[in-house]
Amino acid sequence: MSVHKEIKRITTHTLQEFKESGIKISMLTSYDFSMARIVDSAGIDVILVGDSASNVMAGHETTLPITLDQMIYHASAVVRGVSRALVVVDLPFGSYQGNSKSALDSAIRIMKEAGAHAVKLEGGAEIKESVERILTAGIPVMGHLGLTPQSIYKFGTYTVRAKEEAEAQKLMEDAQLLESIGCFAVVLEKIPATLAEKVSKKLHIPTIGIGAGSGTDGQVLVLHDMLGITKEFKPRFLRRYLNLYDEIQNGVKQYVDDVKSRNFPNKDEQY
Ligand code: KIV
């Protein structure tokens, strides 16, 4: 923690240095100014404006519906609340697949309009051209392999990926490809811990795991899950640090009671 406090601003180079010195990288999502400010002030290294905003902020079942404009709205609010962490923003579904020119345009909009520091894209070989084109504009790119929620209709379920040898082999190749073309880090989501460790040892760039065990170079969780705001989502990998759903509900119940019973406001709470 003390090491982190000394750093004024986390950059992609800081993360590389962390990997080389064996310092684990902490990453959480945020989608708005107020939360981002708290998360940043607590010493997080990377804030991801994830397209999980589609689930936790907008109530959609998947990450597919969120738009580029909506991601820019969330990201610009987050950037205003952050002074230390590296802010990475997801390119949403449909804004980069299959067309490297529109991938570049989407990434430029995120950097320019939101003031983000980097973008994240899901996939390996199939999005190589898009990643390369974004990198030519000097925009840092984080990869994302394993369970890639934008492909949920291809996978059919949110179960652990790359358990079979062929898929594990493809994931290793994709990770090496992303490193070779210039990604600064790769998220590994919901894959066996042994595979995640193998990939992390093979790559020179940092890996950030979610449901991928302790052998990755860093960890990421969705903020609303680890704070216990999302109540029903209980995957094995999730550690809940607070139970805010109940805490907030109790606070609101108390307020309702106080208003109804004329206990609020009292004499000191008026002009
Ligand atoms: O959108 C998101 O929150 C993510 C993390 C789960 C890595 O991509």
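The values are calculated or read from the model by the stated rules, or taken from the named source; none is laboratory data. Values in this document were obtained by computation on a predicted structure and should not be read as measured data. When we count neighbours, we look across all protein chains shown, and the Cβ atoms used for this are built from the backbone with ideal geometry, even at glycine. SASA here: full protein model, heavy atoms, side chains in, ligands and nucleic acids out. Shrake-Rupley method; radii C 1.70, N 1.55, O 1.52, S 1.80 Å.
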Candidate set: the range 148-169, residues that are under 29 Å from I134 (Cα atoms) and within 15 Å of the ligand (Cβ to nearest atom); chosen: the one most open to solvent (accessible area, probe 1.4 Å): Y158
How do the helices (runs of 4 or more DSSP H) wholly within the range 170-271 filter down when requiring 3 or more residues that are within 16 Å of the ligand (Cβ to nearest atom) and assigned by TED's automatic domain parsing to the domain that holds L147: which remain? 193-202, 223-226
Selected residue (criterion: surrounded by the fewest Cβ atoms within 10 Å (Cβ to Cβ)) from residues of the range 108-130 that are aliphatic (A, V, I, L, M) and away from the ligand (no atom under 16 Å from the Cβ): A125
If I filter the range 66-75 for residues that are surrounded by fewer than 24 Cβ atoms within 10 Å (Cβ to Cβ) and small (G, A, S), do I get at least one hit? no
If a residue counts only when it is within 17 Å of the chain's Cα centre (by Cα), which helices (runs of 4 or more DSSP H) contained entirely in the range 1-99 have at least 1 such residues? 12-20, 33-41, 53-56, 68-81
Among the residues of the range 239-267, write down those that are farther than 22 Å from V78 by Cβ and either of a type in the set (S, T, N, Q) or in contact with a helix residue (DSSP H, G or I) (Cβ under 8 Å, 6 or more places away or on another chain) (or both). R239, R240, N243, Q249, N250, Q254, S261, N263, F264, N266
Of all residues making up the range 192-209, the number that are surrounded by fewer than 23 Cβ atoms within 10 Å (Cβ to Cβ) and of a type in the set (V, I, T): 2
Candidates V88, V46, V39, filtered to the one that is out of contact with any helix residue (DSSP H, G or I) (no Cβ under 9 Å at 6 or more places or on another chain), within 16 Å of the ligand (Cβ to nearest atom) and open to solvent by less than 20 Å² (accessible area, probe 1.4 Å): V88
